[in-house]
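Below: the structure, in structure tokens.
The values are calculated or read from the model by the stated rules, or taken from the named source; none is laboratory data. Fair warning: this is a prediction, and the values are worked out from it, not measured in the lab. Reconstructed Cβ throughout: ideal geometry from the backbone, glycine too, with neighbour counts over all protein chains shown. These accessible areas exclude ligands, DNA and RNA; they are computed on the full protein's heavy atoms, side chains included. Shrake-Rupley method; radii C 1.70, N 1.55, O 1.52, S 1.80 Å.
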Amino acid sequence: MPRRDRTTVGAARAVVALTRLKPSQELLRAKGATTQAGFTAERIPARLFARRPILIDDGPDHDEHRKQLVRFFSPRALEERHRSSIEATAETLVAEARSAGSARLDDLALLFSVRVASDIVGLTASDTGALARRLEAFFRQPPVDHTRDDHGRSRNDWARAARDALVPLASFYWRDVRPAIRARRKRPADDIISHLLERGYRPREILMECLTYGTAGMVTTREFISMVMLRLHEAPALLARYRIAEAAERTAILSEIIRLNPPVAHLYRRVQQQAPGCPYSAETLVDIDVHASNRDAEVFAPDPESVCPERNLAAAERSGLSFGDGAHRCPGSHLALLETDILVSALLRAGAAVEKLPRREFDTLVQGYQLRDFRISFSAQAAAP
């Protein structure tokens, strides 16, 4: 039976929940009709920035900024400039883990994704292991409910959130971002920090951009890598297929896994005006249920709940809404699939197998799953021939 979208009334404003792919895509593509309402974006004072961080900005400036960033994440750029370093990073980390006999996959995946993203962003003037710990500390926040006007937090909760975020944020700036800015001012490189400096971004604005990439390029990719290993462990036939598949088929498998297990399960938009694709009144909060939309039987039939790499889908539908859509579609979607494939393939070649299943948690700020204490071990029997 098809899901029905629904409207409810929250503390002060209506909330519309979308659970189907097409209406969700139309809403996200409705140019100028909505603004970012996730990640507590509406609580961040506009006066703090001459240029709002790309994750929470909207409008022509955002669109132009995003267009300029495409060159850092295009498939061609990733293949020509970054594939070899991503492969080398994966081989190094996997060799260290194999030498130790076992590892926590969630820790390994975080370190890997931080190193990869740091190279593209330009955060290369500090230790990536320490950088990873600082990012992890920043996201230890009180629970949040994006559908409520107060975000489900009391004044004490907001004070705690600010207090708990301040120390890791300040440390992230002084130990990672500021040294990178100074290095790139002396010697610009082909990375995002150099690009931002060229556009006249101030240090606080560069800090927030780097935090954005810390969220999208590091934290969520970490979870997806762990989820892929878990899904392959749970489906031996899929694992066997993945081991021998060519790159295109492996990417199709990963696209199906991220469709069924989106690292961000809800997207939130605030309606500014009605427009084609956005029939809702101003001030309405739209809660796009990515998890449900990605299982829309009208699009993903037959059997929308299964991993089926052979689905005949348009390119924009293969991962559902797991990378968003419209003006806020994740520019790093190619990177996420590429680095996941490289690390997972390296782990399987080395004989990685699940030793201990992860503990499942949920991050309300990012609206995504967390897989923790996920242990893998290595054996010659499990290694690829």
Please go through segment 157-253 and write out the GluC sites (Glu not before Pro) that DSSP classes as loop and that have at most 16 other C-beta atoms within 10 Å. Glu246
How much net charge surrounds Ser118 when only other residues with a Cβ under 15 Å from its Cβ are counted (Lys, Arg +1; Asp, Glu -1)? 0
Share of alpha-carbon pairs per 10 Å distance bin for segment 211-284, given as whole %: 16, 33, 23, 18, 9, 0
Model label zone, Ser102; criterion: amide N under 15 Å from point 7 Å along Cα-to-beta-carbon; scope segment 335-366: 352-359
Could you give each residue of segment 140-146 its phi-based ³J(HN,Hα) in whole Hz, using Karplus coefficients 6.51, -1.76, 1.60 with θ = phi - 60°, and x for Gly or Pro? 7, 10, x, x, 9, 10, 5
Percentage relative contact order, the chain, counting C-alpha pairs under 8 Å, at least six apart: 28 percent
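Around Pro276, under 12 Å between beta carbons, what's the net of Lys plus Arg minus Asp minus Glu among the other residues?
+1
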Under-5 Å amide H pairs with Gln370, H placed in peptide plane, nonlocal only: Glu361, Phe362, Asp363
Please work out the FRET efficiency for the pair Ala314 and Arg160, using the Cβ-Cβ distance as r and a Förster radius of 45 Å; give the result to the nearest 0.05. 0.50
Let me spell out the model: positive unit charges on the Cβ of Lys and Arg, negative unit charges on the Cβ of Asp and Glu, origin at the Cα centre of the chain. What dipole size does that give, in debye rounded to 20? 960 debye
List, in order, the whole-Hz ³J(HN,Hα) value for each residue of segment 255-269 obtained from phi through the Karplus relation with A = 6.51, B = -1.76, C = 1.60 and θ = phi - 60°; use x for Gly and Pro. 5, 5, 5, 6, 4, 7, 10, x, x, 10, 8, 9, 10, 10, 10
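Pull out the extension gain between Arg178 and Ala237, defined as 0.36 nm times the separation in residues minus the alpha carbon to alpha carbon distance; nm, one decimal.
Additional length available on full extension: 16.4 nm.
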Rounded, prolate or oblate: which fits segment 110-248 when a ≥ b ≥ c are the square roots of the eigenvalues of the alpha-carbon gyration tensor, with rounded for a/c under 1.5 and prolate only if a/b beats b/c? oblate
Apply the Karplus curve 6.51 cos²θ - 1.76 cosθ + 1.60, θ = phi - 60°, to the phi angles in segment 79-96 and return the couplings in whole Hz, x for Gly and Pro. 5, 7, 9, 10, 4, 4, 6, 5, 5, 5, 4, 4, 4, 5, 5, 5, 4, 5
With Cα springs under 10 Å, the Gaussian network model of the chain assigns the largest mean-square fluctuation among Ala183, Ala314, Ala282 to Ala314
Given an 8 Å cut-off on Cα distances and at least 6 residues of separation, report the relative contact order of segment 174-332 as a percent. 19 percent
Relative contact order (%) - segment 261-385, alpha-carbon pairs under 8 angstrom, separation at least six: 22 percent
Measure off 7 Å from each Cα along the Cα-to-Cβ vector at Arg47 and Arg202, then give the distance between these two points in nanometres to one decimal. 1.3 nm
For the residue pair Glu246 and Thr92, what label-to-label distance in nm results when each label sits 7 Å from Cα along the Cα-to-beta-carbon direction? 3.2 nm
Suppose each label sits 7 Å from its Cα in the direction of the beta carbon; what would the Ala301-Ala130 distance come out to in nanometres? 5.8 nm
Kindly report the accessible area of the chain per residue (heavy atoms of protein chains, probe 1.4 Å, no ligands, DNA or RNA), in Å². 46 Å²
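How long are the three semi-axes of the equivalent ellipsoid of the chain, in whole Å, if each is the root of 5 times an eigenvalue of the C-alpha gyration tensor, listed from largest down?
Details: eigenvalues 196, 150, 79 Å².
Equivalent-ellipsoid dimensions as semi-axes: 31, 27, 20 Å.
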Taking Lys186 as the anchor, which aspartates and glutamates have their alpha carbon closer than 13 Å to its alpha carbon, excluding any fewer than eight residues away along the same chain? Glu198
Which aspartates and glutamates have a Cα less than 13 Å from the Cα of Lys22, not counting those fewer than 8 places away in the same chain? Asp5, Asp289, Asp296, Glu298, Glu317, Asp325
Carbon and sulfur atoms: what percent of the 1.4 Å accessible area of segment 65-123 do they account for? 48 percent
Mean projected area (nm²) from the convex hull of Cα positions in segment 254-323 is 5.1 nm²
Can you pull the Rg over Rh of segment 131-174, Cα-only, Kirkwood? 1.05
Charge dipole of the chain about the Cα centre (unit charges at C-beta), most positive-ward option of Gly324, Ile56, Val16: Ile56
Say R0 is 35 Å: what FRET efficiency, to the nearest 0.05, do Asp145 and Lys31 get from their beta-carbon distance? 0.80
Percent carbon-and-sulfur accessible area, segment 143-194, ignoring ligands, DNA and RNA, probe 1.4 Å: 51 percent
